[in-house]
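These notes are about the structure you will find just below.
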There are 2 protein chains.
Amino acid sequence: MRIAIYGYGNLGRGVEAMAAKNPDVSVTGIFTRRDPSSVTPVSGLNVYPASAVTDFGGDIDVVINCGGSATDLPATTPMLASSFNTVDSFDTHAKIPEHFAAVDAAARQGGNLALISAGWDPGMFSLARVYTSSAVPGGNIYTFWGRGVSQGHSDAIRRIPGVADARQYTVPVPEALEAVRRGECPELTTRDKHLRECWVVAEEGADRAAIEQAIVTMPYYFDEYDTTVNFISEEELLRDHSGLPHGGSVIYNASSGFENEHTHTVEYSLRLDSNPEFTAGVLIACARAVHRMSLRGVTGCISMLDVAPADLSPLSGEELRHLML
Amino acid sequence: MRIAIYGYGNLGRGVEAMAAKNPDVSVTGIFTRRDPSSVTPVSGLNVYPASAVTDFGGDIDVVINCGGSATDLPATTPMLASSFNTVDSFDTHAKIPEHFAAVDAAARQGGNLALISAGWDPGMFSLARVYTSSAVPGGNIYTFWGRGVSQGHSDAIRRIPGVADARQYTVPVPEALEAVRRGECPELTTRDKHLRECWVVAEEGADRAAIEQAIVTMPYYFDEYDTTVNFISEEELLRDHSGLPHGGSVIYNASSGFENEHTHTVEYSLRLDSNPEFTAGVLIACARAVHRMSLRGVTGCISMLDVAPADLSPLSGEELRHLML
């Protein structure tokens, strides 16, 4: 399978790293909006201008669109899907129906297959929700994120005047997590579920109290959470907070029996040293499925919920039944 | 969707209980090898002789075969699959290729679709293995079972002379489980991973030392494990050990990055008060998928690895994208 990496930020570099672990995957090239000569891929791949991707029609089976959900993907995934099979990691939940419709129209018109919203949430976590709620209907689904770096929240802090750099960790509240794990089905507010922990490098002479106040009162991002703000040096930030770990848990509590006398707890948990690399691994597996399904004539827009797990794997049906079933 | 319950032991009763939680499912009848007049279903369903199932061809969309893997399913699933869409929970791992081939031939000949090996292991655990190893190739898969009642091991103890009744719990060794959770990728023997805990009712005058010796030295079932044997009264067994709880964890440890510098731990865990009811819930979700896929013209033998998760759910694609993705 020949893929293209469209966009070369954290996620694009993750796809580059994960492609090297998948012997059935070759990378036709990296396509970037930056000056290609300014980009030096770790693995020596060819780099081309983003606009040149359509020149490679015969050399690409699936384009992995590594842009951001806020502004890139709504524009570029439909554009790419009109010429290529594509996979993206669109994660702005409220806008999925709109994105789905735009990508579906473009992909159908081009006779291509486009998988959106791949990764771990949406993605693996979505699968956990569907499998368990299909097996035992009527339960409660809980999702906890972290401990891990939220790039959106880190960016939001960086936009505050006087902030030189910042890293924000999303942290599940241990008591809430344990109550859900015990099957107690608690009712939890936003504040009950997660803490927000901020590590901030202030510019010289900046008003730290004003920065802290701006963070903890920021609507939507921080005001509904218990937030801690720690000021550190740029050296400390680089030394202690340069990774992009993340993870979390989807926990499902449900009951069964004629009197609902039996309770069941199902948990799917991730602990990831590198959020972009794990996400990239999921995107590559989805690209494999998209390539196979496209060869079977499937077109339009799909998500991981529409993909049979066997299509994600490099193993044959026989190997899967022998090794995995 | 109209299902038939073929076989009315623990699993068949579980399907009866779970069907009541799925508004899109109606049960055409229970089919049993026993005298139908001796069977009194909890929910007042009709009971017919097993041999009468073929008279109901127009009233059944999927037969859920609730027989045992040892002797029932190898004979009855191919027989049923020649006339009906079917789902079974065949779990004799070494014989899956053989079972698959026999069911596939019968289902294709009858133009039907048959899903085998549904449940949680094989089943949900198989899915966890395929998803995570497809996302990050090259890792280590660990499976722990329990704490839970193993019906096969309980039956094996009951066959020992002098044993009136018995219940066997499979228990993961906490230290092994924790080492795997920490991502240490330990090498573990059979004995390192699980303990076997036996609760035995001896017949009056039976030689308890001989029974204990017969248990702990029993090849394959107990000799490779650290096994504890506790003698109790029939009353205590009924009071404290009448449930059929089970569960376990599939844990995947893998690394990524150009230097494999990032490690990832993915865990899928079940804690089930009722093994048969949870398994039954999975079988019903699979029956829903089989019915839908059959209407799309798919025939032959498949497993859960071949089913798109959306097909398991009563929700529409739009609802799934809105609520689960």
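The values are calculated or read from the model by the stated rules, or taken from the named source; none is laboratory data. Predicted model, so just to flag it, every value in this text is computed and none were measured. Every residue, glycine as well, gets a Cβ built from its backbone with ideal geometry; the counts of neighbours run over all protein chains shown. For the accessible areas, the whole protein counts, side chains as well, though only heavy atoms, and no ligand, DNA or RNA atoms are used. Shrake-Rupley method; radii C 1.70, N 1.55, O 1.52, S 1.80 Å.
When a 1.4 Å probe is rolled over the protein heavy atoms, the share of accessible surface on chain B that falls to carbon and sulfur comes to 49 percent. Keeping all protein chains in position, work out how much accessible area B:Y221 exposes to a 1.4 Å probe, and write it in Å² to the nearest 10. Probe radius 1.4 Å; accessible area of B:Y221 about 70 Å².
Averaging the sequence gap over all C-alpha pairs within less than 8 Å and six or more residues apart, then dividing by the number of residues, gives chain B a relative contact order of 21 percent. When exposed loop sites are taken as GluC sites (Glu not before Pro) in a DSSP loop with at most 16 other Cβ atoms within 10 Å, the longest stretch of chain A clear of them is A:1-183.
Summing both sides, the accessible surface hidden between A and B at a 1.4 Å probe radius is close to 6000 Å². Remark: chain B carries a charge dipole of roughly 800 debye about the Cα centre, counting +1 on each Lys and Arg Cβ and -1 on each Asp and Glu Cβ. Solvent exposure of B:K95, expressed as accessible area, is near 110 Å², computed with a probe of 1.4 Å over the protein chains only. How would chain A be classified by its alpha-carbon gyration tensor: rounded, prolate or oblate, with rounded meaning a/c under 1.5 and the a/b versus b/c comparison settling the rest? Cα axes put chain A in the oblate bin. Taking the chain by itself as reference, the range A:124-139 contains these residues with an accessible-area loss of 10 Å² or more in the full protein complex (1.4 Å probe, heavy atoms): A:M124, A:S126, A:L127, A:R129, A:V130, A:Y131, A:T132, A:S133, A:S134, A:A135, A:V136, A:P137.
Membrane-span-like helices in chain A, defined here as complete DSSP H runs extending at least 20 Å along the helix axis by their C-alpha atoms with mean Kyte-Doolittle hydropathy no lower than 1.6, are absent; this is a sequence and geometry rule, not a statement about a membrane.
Both radii come from the Cα set of the protein assembly as shown: Rg as radius of gyration, Rh as Kirkwood radius; their ratio Rg/Rh reads 1.00.
Distances between copies of A:H93, taken at a point 7 Å out from Cα along the Cα→Cβ vector and listed shortest first: 3.6 nm. With label points defined 7 Å past Cα in the direction of Cβ, position B:G243 shows copy-to-copy spacings of 3.7 nm, given to one decimal and shortest first. On a per residue basis, the protein assembly as shown carries 40 Å² of accessible surface, using protein heavy atoms and a 1.4 Å probe. Using the alpha-carbon centroid of each, what span in Å lies between the range B:172-241 and the range A:121-144? Taking the Cα centre of each part, the range B:172-241 and the range A:121-144 sit 33 Å apart. Across the identical copies, the 7 Å label point of B:R158, projected outward along Cα→Cβ, sits 6.4 nm from its counterparts, in ascending order. When only C-alpha pairs under 8 Å and at least 6 residues apart count, what is the relative contact order of the range A:1-116, in percent? It rounds to 24 percent for the range A:1-116.
For the range A:74-189, what does the alpha-carbon gyration tensor say about shape, rounded, prolate or oblate, given a ≥ b ≥ c as the root eigenvalues, a/c under 1.5 as rounded, and a/b over b/c as prolate? Because a/c hits 1.5 or more and a/b fails to exceed b/c, the range A:74-189 counts as oblate. Prolate is the label for the range A:124-273. Its Cα gyration tensor axes, ordered a ≥ b ≥ c, give a/c of at least 1.5 and a/b above b/c. Here the relative contact order of the range B:93-195, from alpha carbon pairs under 8 Å that lie six or more residues apart, stands at 18 percent. Measuring nothing but alpha carbons in the range A:271-325 and taking Rh as the Kirkwood radius, the Rg to Rh ratio lands at 1.02. Applying the criteria of a DSSP loop state and at most 15 other Cβ atoms within 10 Å to the trypsin sites (Lys or Arg not before Pro) of the range B:261-325 yields B:R296.
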